[in-house]
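A.B. asks: Shown below is the structure under consideration.
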Amino acid sequence: MRTKAREVAFELVFASQFGGADSGLKSALCKKEKLTQDDISYCDRVLSLVKEHDAEFSAVIDSRSLAFPEARLFPADRSILYVALAEILYMPDIPKAVSVNEAANIASKFSSEKSATFVSGILSEVEKG
């Protein structure tokens with residue numbers, strides 16, 4: 001399962017919002033979670049996609065969240081959405097429903113129950129197209 005790799009990707013995207021995502025943090029998280037080389041490659045791919053498509057992901061969130069623009073989101077929720085959007089929009093080998101479900105689970109664990117519902121709602125709209 002890729003759950004731990006997604007959580008590490010989320011933590012790295014989250015840390016990057018505060019200037020704290022570096023190779024040392026990545027190495028420590030990957031070692032702590034005992035990620036495989038495939039999991040580490042997944043994290044690298046997600047991080048690259050988030051960096052490359054940051055503005056696009058922000059616009060996608062803004063277009064589907066009228067009450068809470070991307071700039072007003074909790075950093076954890078934004079990070080979760082960015083990881084899931086990387087999967088949904090640019091990683092066709094991952095089922096979209098899996099991305100939505102995993103994002104909601106990560107939000108429940110690292111943010112709040114309301115965040116899980118919010119994240120799931122936004123991503124469900126993106127998934128529909």
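The values are calculated or read from the model by the stated rules, or taken from the named source; none is laboratory data. This structure is a prediction, so every number in the text was calculated from the model and none was measured. FYI the Cβ positions are ideal-geometry reconstructions off the backbone, even for glycines, and counts take in every protein chain you see. For the accessible areas, the whole protein counts, side chains as well, though only heavy atoms, and no ligand, DNA or RNA atoms are used. Shrake-Rupley method; radii C 1.70, N 1.55, O 1.52, S 1.80 Å.
A.B. asks: Taking region 16-53 on its own, how many of its residues are loosely packed, with under 12 Cβ neighbours inside 10 Å and under 14 Å from Arg78 (Cα atoms)?
C.D. replies: Final tally of qualifying residues: 1.
A.B. asks: Only one of (1) under 12 Å from the mean Cα position of the chain (by Cα); (2) assigned to a loop (DSSP other than H, G, I, E, B) fails for Leu49. Which number is that?
C.D. replies: (2)
A.B. asks: Return the total of residues in region 55-74 being outside any helix (DSSP H, G or I) and either in contact with a strand residue (DSSP E or B) (Cβ under 9 Å, 6 or more places away or on another chain) or open to solvent by less than 80 Å² (accessible area, probe 1.4 Å) (or both). Spell out the reasoning first.
C.D. replies: Going residue by residue through region 55-74, those that are outside any helix (DSSP H, G or I) are 65-69, 73-74.
Now restrict to residues that are either in contact with a strand residue (DSSP E or B) (Cβ under 9 Å, 6 or more places away or on another chain) or open to solvent by less than 80 Å² (accessible area, probe 1.4 Å) (or both): 65, 67, 69, 73.
Qualifying residue count, region 55-74: 4.
A.B. asks: Here's a follow-up. Which residues, taken from region 21-45, are part of a loop (DSSP other than H, G, I, E, B), within 27 Å of Phe118 (Cβ to Cβ) and modelled with pLDDT of 95 or more?
C.D. replies: Kept after step one, since they are part of a loop (DSSP other than H, G, I, E, B), are these residues of region 21-45: 21-22, 33-36.
From what's left, within 27 Å of Phe118 (Cβ to Cβ): 21, 33.
The one that is part of a loop (DSSP other than H, G, I, E, B), within 27 Å of Phe118 (Cβ to Cβ) and modelled with pLDDT of 95 or more: Glu33.
A.B. asks: Run down Ser79, Ser48, Ser63 and say which single residue is under 16 Å from Val119 (Cβ atoms), polar (S, T, N, Q) and at pLDDT 95 or above.
C.D. replies: Numbers: Ser48 fails: under 16 Å from Val119 (Cβ atoms); Ser63 fails: at pLDDT 95 or above.
Going through Ser79, Ser48, Ser63 in turn, just one is under 16 Å from Val119 (Cβ atoms), polar (S, T, N, Q) and at pLDDT 95 or above: Ser79.
A.B. asks: Looking at (1) assigned to a helix (DSSP H, G or I); (2) farther than 11 Å from Tyr82 by Cα, can you tell me which one Val13 breaks?
C.D. replies: Against the list (1) assigned to a helix (DSSP H, G or I); (2) farther than 11 Å from Tyr82 by Cα, Val13 comes up short only on (2).
A.B. asks: On to the next question. In region 75-129, which residues are out of contact with any helix residue (DSSP H, G or I) (no Cβ under 6 Å at 6 or more places or on another chain), among the acidic types (Asp, Glu) and part of a helix (DSSP H, G or I)?
C.D. replies: Glu113, the sole residue that qualifies.
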